[in-house]
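Here's the structure, in structure tokens; my notes come after.
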Amino acid sequence: MKRVYVNEEWCLGCHLCEYNCAFANSGLSDMVLALKGKPLYPRIHVEEGRKISYAVSCRHCDDPLCVKSCIAGALSKKDGVIQIDKDKCVSCYTCILVCPYGALSPGETGVMQKCELCLTNSFGEPACVQGCPNRAIVYEERGDTV
Amino acid sequence: MTKYVIAGNGIAAAGCIEGIRSRDKDGEITVISEEKHPVYCRPLISYYLEGKTDLQRMAYRSGDFYEKNGCRVLYGRKALKIEKDSKEIELDGGTRIPYDRLCIAAGSAPFVPPFAGLETVESKYSFMTLDDALELEQAVTKESRVLIIGAGLIGLKCAEGLLDRAGNITVCDLADRILSSILDTECAAFMQKHLEEKGIRFCLNDSAASFDGNRAIMKSGAVVEFDVLVLSVGVRPNISLLAGCGGQTNRGIVVDGRMRTSVPDIFAAGDCTEGPDASTGENRVLAILPNACMQGFTAGINMAGGESLFDNAIPMNSIGFFGMHAMTAGSYDGELYEERTETSLKRLFTKDDLLKGFILIGCNERAGIYTSLIREKTPLSSIDFDMLKKAATTAAFPPESRRKMFGGER
């Protein structure tokens, strides 16, 4: 299935993906209104190491530890996409404890959030991919499994 | 058509049903459920008391879960005995159910030490099941003085859940610290301070010696008066079904990585079991929800003739109190790396080129990266651990690992 992949040699470390993600999931139509002067709660984050940077978001694992570990039954996998039911989440952070990628974090309300491939908003192709100025983040089929 | 029977109806049972159905769509599944509820999120009972969830949202699976998976559920029935030769399980009332493959997912039960005078206490509860929580909800009022015996995970989550409902809450424990099963002395003191600031009182190094109505006479001689008593000293795996038919049990039902017990065609999963702890190599009871789910799923696949191995279980917990989260994993063995601020405490334990365990309080970002180092036994010399110990980041991994993790390369 199609997933978000990152080519770290192309990542500029500009963090635009984080802004585009937070905007896409804000429910607002104006980026300035959505983000200006507010703390950012993106579902993708840029990792920076020695001379490298790259964006990390949910891998939608075949054997998702977060889903099996969720004490609230809030995480599930449907059609290859790991989704969170925010009504059920009680913010116990067990998913943070088990995700090997660091792909889940609390959102504005304290409830967990994660990349759902922009399938639950109106952006179509994931916003991080659309907005990546150097095409470091791509949304494609690579025929692999994580 | 294969006849599957699952003794129990908790998380491990749900995992087992899903495991079976991932391979066998047709076999007959019978679930024996002592509790009269469909599978629910048991760790959420304290959140229920706190008002952070409700009965509907606490359901672990959707309302049509059993129907969709073709399960017959016998509610309010208790499995009593296994006849391993005729491959039958006997329930209360004498009903016998034949099985081809059986999974014991019987969970654990509260352990209540023999306190003198406990029978004189009218208002006393355990805190294990949804029914316990519903009873406590009725029993506790704004005037109630609540005494909780046991400052472990269950006792303290109960305290958190009840704080706003009760007049006051006192928690006592024979141990010298709270959460003694998962926190070391300093981390426990850090968390205790936070809980005390929220209004919970502690009597540590002390516990009830006896009871007299609404009074607990402590080992120290002190007297604590209460209206509601919660007993959360500990839990014991329910091993009697397997022990009763001669299967191998220790503290828990002994299982291998395929969740097989020593008795042919009998599997076990969840809090009733004891298996290898991958962080130490020793067998132990790892009564945590993620293990129950994974063990159940593994058992189900193997029961249905598949091949599944779950051999990297480690102890791990994520537990929050009033907004402060503690995450722990593995064993606290080896060299200590520590970072401390006013609001956070981080301890990593390394030995033999491996991360063996950690305690993180108030600093949990991307903690799963640390957990995976323990679970996968990643040699620390293969990564930039100096970078990683400061902040959990996959940037400390070598490029080839990152390409596999994020670039889709195998």
Inset, instruction - Among residues belonging to region A:79-94 that are of a type outside the set (Val, Ile, Thr) and within 8 Å of chain B (Cβ to nearest Cβ), point out the one that is surrounded by the most Cβ atoms within 10 Å (Cβ to Cβ). - result: A:92
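For region B:199-216, which positions are within 17 Å of residue B:144 (Cβ to Cβ) and of a type outside the set (Phe, Trp, Tyr)?
If the condition is that a residue be within 17 Å of residue B:144 (Cβ to Cβ) and of a type outside the set (Phe, Trp, Tyr), then B:199, B:200, B:201, B:213, B:214, B:215, B:216 are the ones that fit.
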Legend entry - Of residues in region A:27-73 being in a loop (DSSP other than H, G, I, E, B), β-branched (Val, Ile, Thr) and modelled with pLDDT of 95 or more, the one farthest from residue B:62 (Cα to Cα): A:44
Legend entry - Check on residue A:135, at the interface with chain B (Cβ under 8 Å from one of its Cβ atoms) and either of a type in the set (Lys, Arg) or over 19 Å from residue B:402 (Cβ atoms) (or both): no
Inset, instruction - Taking residue A:59 as meeting all but one of (1) in contact with a Gly (Cβ under 8 Å, 6 or more places away or on another chain); (2) crowded, with 21+ Cβ neighbours inside 10 Å; (3) charged (D, E, K, R), write down the number of the exception. - result: (1)
Inset, instruction - Would you mind telling me which numbered condition in (1) closer than 30 Å to residue B:40 by Cβ; (2) of a type outside the set (Gly, Ala, Ser); (3) surrounded by fewer than 17 Cβ atoms within 10 Å (Cβ to Cβ) residue A:30 fails? - result: (1)
Inset, instruction - Scan the strands (runs of 3 or more DSSP E) fully inside region B:242-321 and keep the ones with 1 or more residues being within 14 Å of chain A (Cβ to nearest Cβ) and aromatic (Phe, Trp, Tyr). - result: B:316-321
Legend entry - Residue that is nearest to the other protein chains (Cβ to nearest Cβ), among those in region B:384-398 that are within 17 Å of residue A:102 (Cα to Cα) and assigned to a helix (DSSP H, G or I): B:395
Inset, instruction - Assess whether residue A:98 counts as being among the β-branched types (Val, Ile, Thr), crowded, with 19+ Cβ neighbours inside 10 Å and either without any contact (Cβ under 8 Å) to a residue 40 or more places away in the chain or within 14 Å of another protein chain (Cβ to nearest Cβ) (or both). - result: yes
Inset, instruction - Restrict the check to region A:61-78 and report whether at least one residue is in contact (Cβ under 8 Å) with a residue 60 or more places away in the chain and either away from chain B (no Cβ under 11 Å) or hydrophobic (A, V, I, L, M, F, W, C) (or both). - result: yes
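Within the group A:49, A:73, which residue is surrounded by 14 or more Cβ atoms within 10 Å (Cβ to Cβ), assigned by TED's automatic domain parsing to the domain that holds residue A:132 and more than 18 Å from residue A:19 (Cα to Cα)? Working first, answer last.
Numbers: A:73 fails: assigned by TED's automatic domain parsing to the domain that holds residue A:132.
After applying the criteria, what remains is A:49.
Within region A:122-138, track down each residue that is out of contact with any Leu (no Cβ under 8 Å at 6 or more places or on another chain) and either surrounded by fewer than 22 Cβ atoms within 10 Å (Cβ to Cβ) or without any contact (Cβ under 8 Å) to a residue 12 or more places away in the chain (or both).
Within region A:122-138, A:122, A:123, A:124, A:125, A:130, A:135, A:138 qualify.
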Legend entry - From the options B:356, B:346, residue that is over 20 Å from residue A:54 (Cα atoms), in contact (Cβ under 8 Å) with a residue 60 or more places away in the chain, buried (at least 21 other Cβ atoms within 10 Å of the Cβ) and away from chain A (no Cβ under 13 Å): B:356
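The values are calculated or read from the model by the stated rules, or taken from the named source; none is laboratory data. Please read these numbers as outputs of a predicted model, since none were measured by experiment. Virtual Cβ from ideal backbone geometry, glycine too; neighbours counted across all protein chains shown.
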